[in-house]
Structures are given as structure tokens and as C-alpha cells.
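Beneath this line is the structure, given in C-alpha cells, with notes to follow.
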Amino acid sequence: MKLFKFRGGVHPEGRKQLSAERAIRSLPLPAKLHIPLQQHVGAPAKPVVLVGEYVRKGQLIATAQGNVSAPVHASTSGRVSAIGEHPAAHPSGLPAPAITLTPDGEDGWIEADCPEDPFSLSPEEISARVGAAGIVGLGGASFPSAVKLNLSRRNGVHTLIINGGECEPYLTCDDRIMRERAAGIVEGIRLIRQAVGCERALVGIEDNKPEALAAMSAAAAGTGVHVQAVPAMYPMGWDKQMIQVLIGREVPAEGRSAEIGVLVHNVATAWAVQQAIRFGRPLVSRVVTVSGGAVNQPCNVEAPIGATAHDLFEFCGGLKGKPARLVLGGPMMGHEIPNLHIPMIKGSSGVLALTQAEIGRTRPAPCIRCSTCVGACPVGLLPLEMAAHIRATDLNGAVDLGLKDCIACGSCSYVCPAHIPLVHYFNYAKGELAAQEKGKLKQESTKKLAELKAERLERIVREREAAARARAAKKAADLAAKEAAARAAALAVEKDEVAA
């Protein structure tokens, strides 16, 4: 299959050998599971259980709210011990709504609704089951998968691309799941293809994963699913980069892949779809890479949603002293977490404990205008110019240069010889713009409320004036009627007197 050229990209040190050759292991049930209600793009889920209630594994414990949302299910059987707040999987570590579950150790599933033949289901039924299972994009975006399926079917998507790139350093969870569960992944791909009604299905896997390529190729033989090796370069795991390489099409700026007839899903998402449709199992666990120089035994762990970073590190032999940095996700696009109490969520592909040597802190120097960052940017932006505008507080100028198209991959920061944290500038600017937009919306909402109040007060004044006029008119009419009656009575008396 012909591959197409792509722009930018870097070759960071992979360090995947720390965990790549170790098979997936299941995490023993922790004493507590803290299951967040916000694990996806969109509105958070709403609890449908009460404290003290006993639940089975896979039971619905929080329902989706709104068009873009996803339900949450119990990661094991046990009792709901709390519904409140717990530190969130966020750099701030601030508390967020969560359901705390105390496992009973039985790990008993709910009774599953399994079709005899999954491929006999209609596209709408497959999408509905995917949505009910709470499946979201497991590559990191965490967008509700059923929403993508329905939108793709309506938009006439013709190509399904399954992303097996996994270009982030350290992370090997997708590599291991492709090696060990290839048949299930391929069946999930076929089910997604049926749900969308597309013509072809492609699987892109970086060429530095020969075992995964061999396993997936063998499983896909005779199914119409084509497995293709792609160059190992960061950020090949970015969906738009994978589209560019495999089919030579570019997604429009600020656009979606569906606009060019393409749907992209992660290999772990395809596995979750197969489990949901074939066995009726909601998304209650995921494979997480536990790695880093500070970890005694790096490996890939099948962890229940809600297990904490502490639970995973302890299962992997503990830590070699205090790590210099804890990262949720990969080192390039993941984010630092403040402590070990952060729970794993559906989008948690890895948790890393890095040493000072791995971080390699270097003080930034002034920009030397070498334009290395421009050549590395996979989107074709001008990072040095955008950063200059942001430093000058000219956020609109950075937007004009394409700030909103930045995917925060960190390639520019990685190659910068001056060690300028360019991606930090862009993340700051995006956050500031979002805050300004939120403030603007709040201001507009306040202005609208004030206008509505003024209109309401004016209407009340008009209604009162109209009522007063009506009362005055009625009073005048009553007085006129009384006067007319009095005159008529006087005339009648006078007439009677004259007659007498």
C-alpha cells in the first residue's frame, strides 16, 4: 500500500523496552475504587445509586447527561461507600465528583445481554450498545464513541482508520493489546465498520512494533481489514497525521476527519467495542502502562477504572525512592499529577514515575531564531512567532497564526536548542482564550439578563399604567351612568308632578 508524505515530527527516545516485553497482568482489586463521574468529553455522568447500595460489576452507577456524554459503570462488585469528591485526574489535583466503591472480592458480573450473532445487529443497534457500555476514545481524546459512530454514519464516512501508532515514549499498552488480543480487536474493527457502513478499514501500526504487526496481520487475514506499517515518528499517533500518511488527505483547519469521509478509532477502543457487543461487558477497566526510571518493575496492567496511581505502582514493585515527576499519560502530551491518589480513568493510557535524569531540566535561553521548531511542527505552524505574540500578550495575533490548530504535541519544545517551553506558552494561551470566551459569554448572559429585567420592569409599568387607565375609565363610566340615572329620575319626578 502506498504511503504518503507528512510534515514535521520528531524522534524522541522511546524507552519502550522498559515494559514492552512483559505481558499484560491483572491488578488485584484495591481496598477502594474512586470512580470519577467526568471521564469523557462532554457533560459529566449523573449518579443513579445511593450510598450503601450493593452493585455488581458492570452495573450502571451513573447515567449520561446530554447529547455528548457517557455513562459510568461499576468496576467490580461491592458496596457504594461514598458519593462525593475525590482528587481528579488533572494537573491541579482538585477534587471532582466521584463514586467510591468498596469491592467485596467476588468480582461478580451483572447478567449480560449477548446477541447470538453480533453481526446480525443493525448499525443503529451496535451504536446504541456502544453508547450504553460507556465506551469513549481510549487513545486519550475520551470522546464518546457512540456519538462518533452516529455522526460518521450520517456524514457518509467511507474509510475507517484504526490507530495503532502509539508514538508516545514509554507507552506500550496498545502494543501489548495488539500482540495478545489481536483477534478481538479485528472483530471490534469489523463491528465498527458495520456500525458506520463504510467501504474499507485500515489499521496503521508503527514499524517499530513488528510483533504487533504480525499478530494483527494474521488476525485480519480474510476479513477485509488491511494492516499497514507506518513510519515510527512522533506524533504518528495523532489522528490527522495517520490520515495524511495512509490516504494522503488533509483534514481542514479546525475541522474534523468526518468532513473528508474518515473515521478514526484507537485499537483499544476497538477491543472495548468487541467486548461490549460480543459479551455485553461495559467499559470498566483498561490496560495501563506503568513505567519510568523510578518504577521497580515496569509493565502493562489491566486496571479497574477508579484504581489509584498508588495501587498500580505498588503492584509493580513500588518506587525507587521519591520520583522527580509523576505523569498521567505519556511524557509528551500527558500531564503532571500532584500525588499518588489520582484514580485511573477511561483515557488513562499510562502512569509514569520519572527520575531527575529522565526529566533533564535545563534553564531556557533566548530564542536564536533557528526555526527548528517550524520544521518539527506536524501542523505546519510557526511556533516561535506564536510564542513571541503570546509573550507580548497579543493572543489574537497568535490565533491569527494558527494557535487553535496546535495539538500541543510538544514537538517544538522537544527540538528547541534554547530549551524554550513553547508548548507551555500555547497551553497557557489556549486556557486564557477559553477563560476570556467564558467571561465574554458570562458578560453577554449578564447583559441579556439585565435587558430582560429592564423589559420586564417596563412591561410591569406599562401594565400598571394600563390598569390605572382602565380603572379611571371604568370609574368615569360608572359616574356618568349614575349622573344619567339621576337626571332620568329627576325628569320622571318632574313629569309626574306636571301630570298631577
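Do we find that Glu254 is assigned to a loop (DSSP other than H, G, I, E, B), assigned by TED's automatic domain parsing to the domain that holds Arg176, within 27 Å of the chain's Cα centre (by Cα) and surrounded by fewer than 21 Cβ atoms within 10 Å (Cβ to Cβ) in this structure? Yes, satisfied.
Tally the residues that are closer than 23 Å to Pro30 by Cβ and either under 18 Å from the mean Cα position of the chain (by Cα) or modelled with pLDDT under 95 (or both), restricting the search to the range 272-292.
So the count comes out to 8.
Being free of Cβ contacts under 8 Å to residues at least 60 places away in the same chain, within 27 Å of Arg153 (Cα to Cα) and β-branched (Val, Ile, Thr) narrows it down to one of Val203, Val273, Val267, Val251, so name that one.
Details: Val203 fails: free of Cβ contacts under 8 Å to residues at least 60 places away in the same chain; Val273 fails: free of Cβ contacts under 8 Å to residues at least 60 places away in the same chain; Val267 fails: free of Cβ contacts under 8 Å to residues at least 60 places away in the same chain.
Result of the check over Val203, Val273, Val267, Val251: Val251.
Looking only at residues of the range 151-169 that are assigned to a helix (DSSP H, G or I) and within 19 Å of the chain's Cα centre (by Cα), we find that the one that is surrounded by the fewest Cβ atoms within 10 Å (Cβ to Cβ) is Leu151. Within the set Thr172, Thr223, the sole residue that is crowded, with 20+ Cβ neighbours inside 10 Å and among the β-branched types (Val, Ile, Thr) turns out to be Thr172. Just to check your reading of the model, which residue among Pro97, Pro91 is out of contact with any Pro (no Cβ under 6 Å at 6 or more places or on another chain) and in a loop (DSSP other than H, G, I, E, B)? Within the list Pro97, Pro91, the selection yields Pro91.
Filtering the range 275-312 to residues that are of a type in the set (S, T, N, Q), touching a helix residue (DSSP H, G or I) at 6+ places or on another chain (Cβ under 8 Å) and surrounded by fewer than 23 Cβ atoms within 10 Å (Cβ to Cβ) leaves only Gln275. Taking the numbered list (1) basic (Lys, Arg); (2) in a helix (DSSP H, G or I); (3) not assigned by TED's automatic domain parsing to the domain that holds Ala20 in turn, Lys148 passes all entries but (3). Checked against the criterion of being polar (S, T, N, Q), assigned to a helix (DSSP H, G or I) and farther than 15 Å from Gly139 by Cα, the candidates Gln275, Gln241 yield just one match: Gln275. Among the residues of the range 176-192, the ones that are in contact with a Gly (Cβ under 9 Å, 6 or more places away or on another chain), buried (at least 24 other Cβ atoms within 10 Å of the Cβ) and farther than 29 Å from Leu18 by Cα come to 0 in all. Checking each residue in the range 24-66 for being assigned to a loop (DSSP other than H, G, I, E, B), within 22 Å of the chain's Cα centre (by Cα) and more than 18 Å from Ile110 (Cα to Cα) picks out Leu37, Gln38, Gln39, His40, Val41, Gly42, Pro44, Ala45, Ala64, Gln65, Gly66.
The values are calculated or read from the model by the stated rules, or taken from the named source; none is laboratory data. Quick caveat: nothing in here was measured; it's all calculated off a predicted structure. For neighbour counting, all protein chains shown are included, and Cβ atoms are generated from backbone atoms with ideal geometry for every residue, glycine included.
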